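Everything on this sheet refers to the single structure shown next.
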Amino acid sequence: MVFMDETEVLLNDGRYNLRPWVRQKDQHPLAIERAEGIFLWDYRGKRYFDMSSQLVNVNLGYGSREINRAIAEQLERFAYIAPAHGAASRSALAKTLVEKSGGMAKVFFTCGGAESNDNAAQIARAFTGRAKIFSAYRSYHGSTQGAGNLSGDPRRFAVERPAIPGYIKFMAPYIYRETLPFKTEEEISAHYLWVLREQILAEGPQNIAAITLEAVAGTSGVIIPPKGYLPGIRKLCDEFGILLHFDEVMTGFYRTGTLFAFQNFGVTADIITFAKGVTSGYVPLGGVLVSHKIAAFYDDNPLLCGLTYNGHPLSCAAGNAALRVYDELHIEEHVRRLGAALRNALLDLEQRHPSIGNVRSIGLFSALELVKNRATKEPLVSAGNLLDALSGIIALLRERGFLTIGRNNNIMIAPPLIITESELNEALNILDEVLSIVDGSL
Ligand SMILES: Cc1ncc(COP(=O)(O)O)c(C=O)c1O
């Protein structure tokens with residue numbers, strides 16, 4: 001254990017640690033001294049509600065004795081054993097995940113989200129013998145060369161120097177900002193599905209291995225698809241022999257009220273990638289779940305994917321414990337109940353705060369899209385500097401003990417799934433206060 005005071009932590013961090021996604025100068029990060037439940041404390045004893053579960057991964061909050069104990073017990077046996085050998089924690093977790101997924105056959109473990117998506121693309125290409133992968137512009141799939149090229153959001157520009165051929169983007173629906181005179185969600189879906197079908201034909205269906213999608217696009221602003229859209233994508237995939245890959249890295253493990261977000265929409269997957277919530281962020285772990293057909297293909301063909309830390313026993317021990325805790329806490333029911341409370345509370349805020357243009361919420365996964373003007377839907381902050389755009393509002397929230405993240409014009413509200421109703425209400429009072437300040441600036 002390293003002991004430092006706040007000044008030393010921040011000094012070393014600024015001098016020696018490269019922080020992701022920001023210019024390094026003039027950053028003012030928070031140093032956290034301890035954490036428990038849904039709360040974090042800084043070195044001055046100030047308490048913060050963690051209203052984003054960090055990067056939407058600490059689903060079970062901090063200080064879970066069960067997860068901590070499982071990691072310690074695994075350490076007592078052995079910390080690591082190569083993927084070629086059997087390890088109890090790995091085989092137990094593989095079995096549980098496959099059984100819970102309801103339809104998948106096997107899992108390939110990785111160390112995180114981007115790695116999972118890289119390997120999913122590799123598996124889809126090997127299985128179909130096709131090269132192209134379709135993904136949506138409003139999406140994020142990770143920042144490695146492969147997952148970065150798969151991502152649609154502007155963070156991909158950094159790895160598109162040059163872009164890797166074969167990663168094809170399409171425009172998916174965004175109900176709030178549609179400008180054509182659609183009368184129903186089904187009409188929006190039909191339009192986008194027609195355009196996508198045309199694009200598939202233009203690219204040659206025989207060349208397309210997979211469509212990769214976040215069922216609910218997370219960092220793009222909790223964008224929930226219109227009715228009929230995901231079933232329509234499933235139909236297109238079936239028509240052309242294209243695999244449907246859902247990226248559940250952010251939405252997996254009950255965030256939206258079901259184990260995986262796509263299960264809210266009555267569709268099935270051929271490939272599911274996951275990470276974050278599988279261990280509730282206690283240690284890194286990710287994976288690729290594959291269908292029976294894909295698993296059978298690998299009975300006779302070598303799996304040309306490999307990682308030193310494939311199914312790391314410590315991570316798998318944490319995963320087994322986390323899955324047990326989700327069950328013991330009946331987290332699925334809890335998320336549905338509190339998700340309804342959160343949604344109602346946000347809709348109430350929308351009534352009172354003109355700066356809110358749109359509320360999107362499913363389970364404990366929400367975004368407030370902020371605007372200057374409700375009639376024109378002009379975004380509150382210009383898209384000039386996307387990474388810093390909301391920093392002023394995020395800072396006001398942080399000053400008052402409400403810690404969250406925001407992107408574009410969206411403030412995310414995605415607390416640990418263990419949050420209680422009274423904690424939720426207390427935190428939302430802070431949001432209410434800050435939104436009044438934002439309204440005043442319009
Ligand atoms: C949907 C989605 N996929 C992939 C990733 C990348 O995961 P990781 O940062 O673990 O590589 C993220 C990260 O936020 C994500 O939200």
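The values are calculated or read from the model by the stated rules, or taken from the named source; none is laboratory data. In this text, all values refer to a predicted model and were calculated from it rather than measured experimentally. Using ideal geometry, Cβ is built from the backbone for each residue, glycine included, and neighbour counts are taken over all protein chains shown. These area figures cover heavy atoms from the full protein model, side chains too; ligands, DNA and RNA do not enter into them. Shrake-Rupley method; radii C 1.70, N 1.55, O 1.52, S 1.80 Å.
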Quiz prompt | Scope the stretch 161-187; condition at pLDDT 95 or above, open to solvent by 70 Å² or more (accessible area, probe 1.4 Å), among the charged types (D, E, K, R) and not in a helix (DSSP H, G or I); matching residues | solution = LYS183
Quiz item: Is there a residue being under 23 Å from ASN410 (Cα atoms) and either modelled with pLDDT of 95 or more or open to solvent by less than 10 Å² (accessible area, probe 1.4 Å) (or both) anywhere in the stretch 97-113?
Solution: yes
Quiz item: Considering only strands (runs of 3 or more DSSP E) fully contained in the stretch 1-115, which possess at least 1 residues that are assigned by TED's automatic domain parsing to the domain that holds ALA395?
Solution: 32-36, 39-42, 47-50
Quiz item: Of the residues that make up the stretch 291-309, is at least one outside any strand (DSSP E or B), within 16 Å of the ligand (Cβ to nearest atom) and buried (at least 24 other Cβ atoms within 10 Å of the Cβ)?
Solution: no
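Restricting to the stretch 18-51, count the residues that are on the phi < 0 side of the Ramachandran plot and exposed (fewer than 10 other Cβ atoms within 10 Å of the Cβ).
Total meeting the criteria: 6.
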Quiz item: What residue, among those in the stretch 239-282 that are surrounded by fewer than 23 Cβ atoms within 10 Å (Cβ to Cβ) and of a type in the set (S, T, N, Q), is farthest from the ligand (Cβ to nearest atom)?
Solution: THR268
Quiz item: Does the stretch 404-424 include one or more residues that are modelled with pLDDT under 95 and small (Gly, Ala, Ser)?
Solution: yes
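So in the stretch 173-224, with the set limited to residues that are among the small types (Gly, Ala, Ser) and within 16 Å of the ligand (Cβ to nearest atom), which one is farthest from GLY406 (Cα to Cα)?
So the residue we want is ALA210.
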Practice problem: Scan the stretch 253-285 for residues that are among the small types (Gly, Ala, Ser) and in contact with a strand residue (DSSP E or B) (Cβ under 8 Å, 6 or more places away or on another chain) and report the count. | Solution: 4
Practice problem: Look at GLY61 and say whether it is more than 17 Å from GLY319 (Cβ to Cβ) and away from the ligand (no atom under 16 Å from the Cβ). | Solution: no
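Considering only the stretch 147-158, I want to know if a residue exists there that is farther than 25 Å from VAL290 by Cα, among the aliphatic types (A, V, I, L, M), open to solvent by 50 Å² or more (accessible area, probe 1.4 Å) and within 16 Å of the ligand (Cβ to nearest atom). Spell out how you get there, then give the answer.
Residues of the stretch 147-158 that are farther than 25 Å from VAL290 by Cα, as a first pass: 153-158.
When the remaining residues are screened for being among the aliphatic types (A, V, I, L, M), the result is 158.
This time we only want the ones that are open to solvent by 50 Å² or more (accessible area, probe 1.4 Å), so: 158.
If we keep only those that are within 16 Å of the ligand (Cβ to nearest atom) too, we end up with 158.
Yes, there is a match, as at least one residue in the stretch 147-158 is farther than 25 Å from VAL290 by Cα, among the aliphatic types (A, V, I, L, M), open to solvent by 50 Å² or more (accessible area, probe 1.4 Å) and within 16 Å of the ligand (Cβ to nearest atom).
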Quiz item: Is at least one residue of the stretch 202-214 surrounded by fewer than 20 Cβ atoms within 10 Å (Cβ to Cβ), more than 22 Å from LYS293 (Cα to Cα) and in contact with a helix residue (DSSP H, G or I) (Cβ under 7 Å, 6 or more places away or on another chain)?
Solution: no
Quiz prompt | Failed item in (1) open to solvent by 40 Å² or more (accessible area, probe 1.4 Å); (2) touching a residue at least 40 places away in the same chain (Cβ under 8 Å); (3) not hydroxyl-bearing (Ser, Thr, Tyr), with GLY319 passing the rest | solution = (1)
Self-check item: Conditions (1) at positive phi; (2) without any contact (Cβ under 8 Å) to a residue 12 or more places away in the chain; number of the one not met by TRP194
Solution: (1)
Self-check item: Test for LEU236: is it within 16 Å of the ligand (Cβ to nearest atom) and more than 26 Å from GLY61 (Cβ to Cβ)
Solution: no
